[in-house]
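To start, the structure under review is shown below, and the notes come after it.
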Amino acid sequence: MEAISTRELKERLEELTGQEVLLRGWIRNHRKQKNMGFIDFFDGTCFKNPQVVYDSTLADYAAVQAYHVGSAIEVRGKVVPAYKDPTTPEVQAISVTLLGDCPEDYPLQPKRHSVEYLREIAYLRPRTRLFQAVFRVRSVASMAIHTYFQDRGYVYVHTPLITANDAEGAGNTFTVTTLPPEEQKDPSKDFFGRATSLAVTGQLEAETFAMAFSKVYTFGPTFRAENSNTKTHAAEFWMIEPEIAFCDIHQLMNIEEDFLKYLVNTVLDKCADELEHLDKFTGGGLLDKLRGLATSGAARVTHEEAITILRAAKDRFQFEPKYGEDLAKEHEKYLTEEYFKSPVFVYDWPKDIKAFYMYQNDDGKTVAAVDLLVPGAGELMGGSQRETRYDLLCQRMDELHISKEQMYWYVNLRRFGGCTHSGFGMGFERLLIYLTGVDNIRDVIPYARTPMNCEF
């Protein structure tokens, strides 16, 4: 008899009811009575798993009763609908075979563990219901990203993870070198003949491909050596970065809104059981938040208009909203959850707080940058129309002491058939925090890379 997955069993429940099946998986919980036992069985292929019921008629009943939580087992048995939930199968065991034993001191006992404790055993936490839900959502959202762009004619570009430029200009990069410490003062002797680092973005390289394919996207790991231990920062994280030729900032906002709604709707559709569990875990409200986002339109205001709105209510804030400065979390919360009660695009930001590559508006003070703020999370996406005028780009790079010579290839895009183009970036883990309600980046990535943490 061929083994089937619990996912297949659930999908074919009506057909398989009354039939014998063979399952392979693990014991999540094992409740024993005098003449029977109940095994919470899972194989990771679906969220709502069958219960295995066995009784004293089993030839090896005593041995099965001794099986520990965490053990790998093979179950042959008859399928019946569960009494409490007819959509979830139950298996009445004919035989239960031990495939891989587990000691009694197995760290994942059938009780609620804190997320802090589970981070200490990150190699085991995918077996818990919480992280089965989180990482299923991560998987589905990953595929939805590719499906969205592929179905709309975008080309997927693998931008380099090792680079000689820091597009953001923040300097928080990990150095890549093969030289011993005493020789690192001279990068010309290093492997690449120049100073290199792990990439904080794939944007600049993606722009070169947008000038050839019109619509491209990157989706992969990026790195930032930021010594921060907040809930929202990690040294290694994933970024989604599309770049679109012949696209201005207003068209970009349309794409961002459509993209986000597609992702949310896909996860709502394909991860219903997981989201139901996460909704309960996070205290409720998650499903309502996601459904609201999927159906509501996003407001659009300039940075100046946003500051004017905030200043009218400034007595409500710890930090005073000021023209020419960034928004605080409390400001984002007010705009999305109280004033507009919807997602909000804030665009035309002050030039002095944004990156060199953003299109300079005619007012000489702002650039065509846009942040998408969403209820319950604040900033989720950041993008801009890119500066396409050769002289203005060079001027801005000079102002910020960015080498035009080293980045000649990027500057030359403006000389060799340049056109209006735009793009945005979204941290994948930031999206997952929003989709799952789990509020720490360490809990939405399989193995978090944070200061003083690289154990697993």
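The values are calculated or read from the model by the stated rules, or taken from the named source; none is laboratory data. Quick caveat: nothing in here was measured; it's all calculated off a predicted structure. Cβ coordinates were reconstructed from backbone atoms using ideal geometry, including for glycine residues, and neighbour counts include every protein chain displayed.
Some points to look at:
- Here the range 42-61 is the region considered, the condition is being aromatic (F, W, Y) and assigned to a strand (DSSP E or B), and the residue that is surrounded by the most Cβ atoms within 10 Å (Cβ to Cβ) is Y54.
- Counting only helices (runs of 4 or more DSSP H) that sit completely within the range 382-456, those holding 3 or more residues that are surrounded by fewer than 19 Cβ atoms within 10 Å (Cβ to Cβ) correspond to 390-399, 408-412.
- Residues of the range 341-364 satisfying the condition of being over 30 Å from I402 (Cα atoms) and buried (at least 20 other Cβ atoms within 10 Å of the Cβ): P343, V344
For every residue, the table says whether it meets (1) under 26 Å from the mean Cα position of the chain (by Cα); (2) β-branched (V, I, T).
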residue	(1), (2)
H331	yes, no
K341	yes, no
D352	no, no
F356	no, no
Q360	no, no
V370	yes, yes
L373	yes, no
G376	yes, no
L380	yes, no
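- In summary, D166 fulfils each of the numbered conditions (1) loosely packed, with under 12 Cβ neighbours inside 10 Å; (2) modelled with pLDDT under 95 with the single exception of condition (1).
- Residue pairs whose Cβ atoms lie under 7 Å apart, separated by 6 or more positions or on different chains, with the first residue in the range 305-320 and over 13 Å from Y339 (Cα atoms) and the second in a helix (DSSP H, G or I), are F317/E330; F317/H331; Q318/E330; F319/E330; E320/K314.
- Considering the conditions (1) among the β-branched types (V, I, T); (2) under 18 Å from Y410 (Cβ atoms); (3) out of contact with any Gly (no Cβ under 9 Å at 6 or more places or on another chain), T178 is excluded by exactly one of them, (2).
- Residue tally, condition part of a strand (DSSP E or B) and either more than 16 Å from the chain's Cα centre (by Cα) or hydroxyl-bearing (S, T, Y) (or both), over the range 203-237: 5
- Condition check for S197 on (1) in a helix (DSSP H, G or I); (2) touching a residue at least 24 places away in the same chain (Cβ under 8 Å); (3) over 24 Å from Q150 (Cα atoms): one failure, at (1).
- Scanning the range 250-293 for residues that are of a type in the set (S, T, Y) and either buried (at least 17 other Cβ atoms within 10 Å of the Cβ) or closer than 15 Å to A144 by Cβ (or both) gives Y262, T266.
- Test: residue in the range 395-410 that is touching a strand residue (DSSP E or B) at 6+ places or on another chain (Cβ under 8 Å), touching a residue at least 40 places away in the same chain (Cβ under 8 Å) and aliphatic (A, V, I, L, M): no
- Selection count, the range 63-103, where residues are within 15 Å of Q51 (Cβ to Cβ), surrounded by fewer than 14 Cβ atoms within 10 Å (Cβ to Cβ) and hydrophobic (A, V, I, L, M, F, W, C): 0
- Residue match in the range 301-324 (condition: surrounded by fewer than 21 Cβ atoms within 10 Å (Cβ to Cβ), touching a strand residue (DSSP E or B) at 6+ places or on another chain (Cβ under 8 Å), within 16 Å of G382 (Cβ to Cβ) and not aromatic (F, W, Y)): yes
- Subset tally (residues that are outside any helix (DSSP H, G or I) and more than 11 Å from D43 (Cβ to Cβ)) for the range 1-21: 8
- Helices (runs of 4 or more DSSP H) lying entirely in the range 238-351 (those with 2 or more residues that are farther than 23 Å from S422 by Cα and of a type in the set (V, I, T)): 249-270, 303-311
- Filter pass, P110 being part of a loop (DSSP other than H, G, I, E, B) and in contact with a strand residue (DSSP E or B) (Cβ under 6 Å, 6 or more places away or on another chain): yes
- Residue match in the range 177-188 (condition: more than 30 Å from C419 (Cα to Cα), free of Cβ contacts under 8 Å to residues at least 40 places away in the same chain and surrounded by 15 or more Cβ atoms within 10 Å (Cβ to Cβ)): yes
- Matching residues in the range 62-94 - criterion: being within 18 Å of E14 (Cα to Cα), assigned to a strand (DSSP E or B) and in contact with a helix residue (DSSP H, G or I) (Cβ under 9 Å, 6 or more places away or on another chain): V79, P81, P89, V91
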